[in-house]
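Asks: Below you'll find the structure I mean.
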Amino acid sequence: QVQLVESGGGLVQAGGSLRLSCAASGTIFSINAMGWYRQAPGKQRELVAGITGGGNINVKDSVKGRFTISRDNAKNTVYLQMNSLKPEDTAVYYCDVVLNRLTYWGRGTQVTVSS
């Protein structure tokens, strides 16, 4: 059984920073792509950033230069460093991991940016 545990969300003022983590545990044979999505109230879930098993990175235009995705393969963990946060970044952030050829989602962590 596989589990994804997210951490690092919270309330921060505009211009502040947060670092999200998502750790996979359980019976893991392989991990390929890892990523972060977010969903704001009344909006569809959208990709924020993704990183492949080979290290290729894709980042949403509106967060380029502010958000950085990285992974630690030894720890089966993906990170999202978020700097210069804006109120429009407020959302529930979900990690998404392709693991053992299946896609798993975390439960989500709330990020709230006050103006």
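The values are calculated or read from the model by the stated rules, or taken from the named source; none is laboratory data. Since the structure is predicted, the reported quantities are computational estimates derived from the model, not experimental observations. Note: ideal-geometry Cβ built from the backbone for every residue, glycine included; neighbour counts use all protein chains shown. When the accessible area is computed, the model is the full protein with side chains, heavy atoms only, and any ligands, DNA or RNA have been set aside. Shrake-Rupley method; radii C 1.70, N 1.55, O 1.52, S 1.80 Å.
Okay, residues lined up against (1) assigned to a strand (DSSP E or B); (2) not hydroxyl-bearing (Ser, Thr, Tyr):
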residue: Arg38; (1), (2): yes, yes
residue: Thr68; (1), (2): yes, no
residue: Arg71; (1), (2): yes, yes
residue: Ala74; (1), (2): no, yes
residue: Val92; (1), (2): yes, yes
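Asks: Going through region 19-30 one residue at a time, which ones are touching a Gly at 6+ places or on another chain (Cβ under 7 Å) and open to solvent by less than 30 Å² (accessible area, probe 1.4 Å)? Can you show your working first?
Replies: We begin by selecting, within region 19-30, every residue touching a Gly at 6+ places or on another chain (Cβ under 7 Å); these are 19-22.
Within region 19-30, Leu20, Ser21, Cys22 qualify.
Asks: Being in contact (Cβ under 8 Å) with a residue 12 or more places away in the chain, under 19 Å from Val5 (Cα atoms), assigned to a loop (DSSP other than H, G, I, E, B) and not basic (Lys, Arg): is that true of Ile28 here? Before you say what the answer is, go through the steps one by one.
Replies: Details: in contact (Cβ under 8 Å) with a residue 12 or more places away in the chain: yes; under 19 Å from Val5 (Cα atoms): yes; assigned to a loop (DSSP other than H, G, I, E, B): yes; not basic (Lys, Arg): yes.
Answer is yes for this residue.
Asks: Return the pairs, sorted by first residue and then second, in which the second residue is of a type in the set (A, V, I, L, M, F, W, C) and open to solvent by 50 Å² or more (accessible area, probe 1.4 Å), the first residue lies in region 61-78 and is under 20 Å from Ser17 (Cα atoms) and at pLDDT 95 or above, the beta carbons are less than 7 Å apart, and the residues are 6+ apart or on different chains.
Replies: From residues that are under 20 Å from Ser17 (Cα atoms) and at pLDDT 95 or above, the pairs are Ile69/Ile57.
Asks: Still on this model: Exactly one condition in (1) under 26 Å from Ile28 (Cα atoms); (2) free of Cβ contacts under 8 Å to residues at least 24 places away in the same chain; (3) outside any strand (DSSP E or B) is not met by Gln44; state its number.
Replies: (1)
Asks: For region 70-98, enumerate the residues that are surrounded by 21 or more Cβ atoms within 10 Å (Cβ to Cβ), among the aliphatic types (A, V, I, L, M) and over 17 Å from Ala40 (Cβ atoms).
Replies: Scanning region 70-98 gives Val78, Val97.
Asks: From the list Arg101, Arg45, Arg107, Arg66, exactly one residue is charged (D, E, K, R) and on the phi > 0 side of the Ramachandran plot. Which is it? Steps first, answer last, please.
Replies: Details: Arg45 fails: on the phi > 0 side of the Ramachandran plot; Arg107 fails: on the phi > 0 side of the Ramachandran plot; Arg66 fails: on the phi > 0 side of the Ramachandran plot.
So the residue among Arg101, Arg45, Arg107, Arg66 that is charged (D, E, K, R) and on the phi > 0 side of the Ramachandran plot is Arg101.
Asks: Would you confirm whether or not region 58-71 contains a residue that is among the aliphatic types (A, V, I, L, M) and farther than 19 Å from Ser7 by Cα? Please lay out each step first, then the result.
Replies: Going residue by residue through region 58-71, those that are among the aliphatic types (A, V, I, L, M) are 59, 63, 69.
If we keep only those that are farther than 19 Å from Ser7 by Cα too, we end up with 59, 63.
Yes: one or more hits.
Asks: Within region 31-67, count every residue that is farther than 17 Å from Gln110 by Cβ, charged (D, E, K, R) and exposed (fewer than 13 other Cβ atoms within 10 Å of the Cβ).
Replies: 2
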